[in-house]
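To start, the structure under review is shown below, and the notes come after it.
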Amino acid sequence: MHTLNRYAVRSLFSAFIVITTIISGIVWLSQSMRILDLIVTRGIGFIDFLKVATLMLPSLLFFLMPITYLLAVIYTIYKIRQDRELVILKSIGLSNRNIITPVFTVGAVITLFNLFNSIYLMPISHAKFKDMNDYFQNEYATLLLQEKTFNTQGKLTVYLDSKNKDGSLNGVFISDAREDGKQRIISAPHGNIRSTKAGPVFELSRGIQQETNTTTNKISMLAFDKYTFNIKKSRTSYANRARSPVELTVPEIIKYMPSNLSDKKNYYATLNQRITWPLFILSLPLLASIILVSAKYQRRYKMIQYAKCFVMCSSFMILSMLSISMINSGLWWMAILYTVVASPFVISYSLLQRSMD
């Protein structure tokens with residue numbers, strides 16, 4: 001029995017690692033291609049690209065693990081059916097409970113890892129990803145500016161008519177609302193970008209600045225021959241920025257739960273997703289394994305049966321995501337969410353008891 005369990009656990013782990021690596025790699029590369037353009041055309045450093053791309057992995061693994069482990073279980077059962085190993089296991093007296101025990105064991109280990117990922121690793125990586133995004137907007141702000149496009153970064157909008165080969169700019173328009181109580185509009189026919197210790201700055205010539213005090217509605221005009229404009233946001237604007245629920249660990253979400261009902265719904269949605277989604281790693285493969293192992297033996301068990309099993313299990317994940325999104329409209333959706341999450345466990349237990357009768 002011990003040897004058979006080790007063989008089954010090893011087979012499940014191997015299939016899970018291979019499938020997770022392949023699917024995560026494909027999704028990771030597709031997402032990274034958006035950032036890769038910054039290296040090729042915008043001059044972003046390769047090390048910075050790797051940092052940002054790596055920070056996406058915890059979130060990818062969080063969402064993909066229930067799917068990849070479900071596929072691993074279905075593939076492993078398909079393999080042992082094709083090799084007639086399932087018939088042998090039942091002929092030596094192993095019950096369905098004994099056969100699916102490794103599925104539960106491996107699933108429990110992966111579930112614990114993904115719970116740790118959802119509680120700590122994913123929010124920490126997401127917060128660092130946000131910080132890196134602000135870092136790019138600061139350090140590479142001028143590189144990201146495109147011609148004949150309104151380039152918006154927060155409360156700052158920059159429009160360039162064209163860039164010359166020597167780096168000079170034509171037709172510069174800037175709308176700056178970063179300072180509370182003030183709205184500045186700057187236009188200049190010509191300008192340059194210069195790097196300083198304080199960050200990249202515009203050096204504009206022969207332009208006009210219009211400043212509006214949003215409190216008193218007073219407008220002041222200034223014509224200038226030369227003007228230096230700092231496009232970089234202050235460092236404190238993102239170092240001390242307020243973090244969204246997805247950037248908070250589970251203990252922090254509970255600690256900083258807002259009193260405002262609208263904000264509280266968003267916090268509850270994030271919190272319940274972190275708790276419930278990893279449980280599908282345990283419940284859905286368990287349900288799939290009971291259905292497939294309990295099925296009557298056929299010389300050719302059609303692939304459509306495996307596909308139906310996968311679709312049925314996937315429907316629980318779809319209902320879960322729908323319930324989580326609806327929590328923002330009403331907290332009573334949490335009851336539906338936990339009903340959806342608990343259903344595979346209940347159905348699995350019922351089917352297992354029926355197969356043993």
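Only the coordinates and a few stated rules stand behind these numbers; no lab work does. Note that the coordinates shown come from a computational prediction; the quantities given were computed from them, not determined experimentally. Neighbour counts run over all protein chains shown; Cβ positions are idealised from the backbone, glycine included.
Quick look at the values:
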{"read-out": "Estimated vicinal HN-Hα couplings, Hz - the range 318-332 in sequence order (Karplus 6.51, -1.76, 1.60; Gly, Pro = x)", "value": "5, 5, 5, 5, 5, 5, 5, 5, 7, 4, 5, 9, x, 5, 5"}
{"read-out": "Net charge over other residues, Cβ less than 11 angstrom from the Cβ of Ser175 (K, R count +1; D, E count -1)", "value": "+2"}
{"read-out": "Whole-Å distance, taken between Cα centres, linking the range 96-131 and the range 249-299", "value": "11"}
{"read-out": "Built amide H within the under 5 Å cut-off of Lys182, gap 5+", "value": "Thr214"}
{"read-out": "Distance between modelled label sites at Met257 and Phe224, nm, 7 Å Cα→Cβ extension", "value": "5.0"}
{"read-out": "Long-range HN-HN contacts of Arg206 with modeled amide H, under 5 Å", "value": "Asp225, Lys226"}
{"read-out": "Estimated vicinal HN-Hα couplings, Hz - the range 303-316 in sequence order (Karplus 6.51, -1.76, 1.60; Gly, Pro = x)", "value": "4, 4, 5, 5, 5, 4, 4, 5, 5, 4, 5, 5, 4, 5"}
{"read-out": "DSSP-assigned coil residues among trypsin sites (Lys or Arg not before Pro) in the range 254-340, each with at most 16 further Cβ atoms within 10 Å", "value": "Lys296, Arg299, Arg300, Lys302"}
{"read-out": "Cα→Cβ-extended label distance, 7 Å offset, between Thr212 and Val250, nm", "value": "4.8"}
{"read-out": "Listed pairs Lys148/Lys182; Lys163/Lys226; Lys51/Lys130; Lys128/Lys255 exceeding 22 Å between Cα atoms", "value": "Lys148/Lys182"}
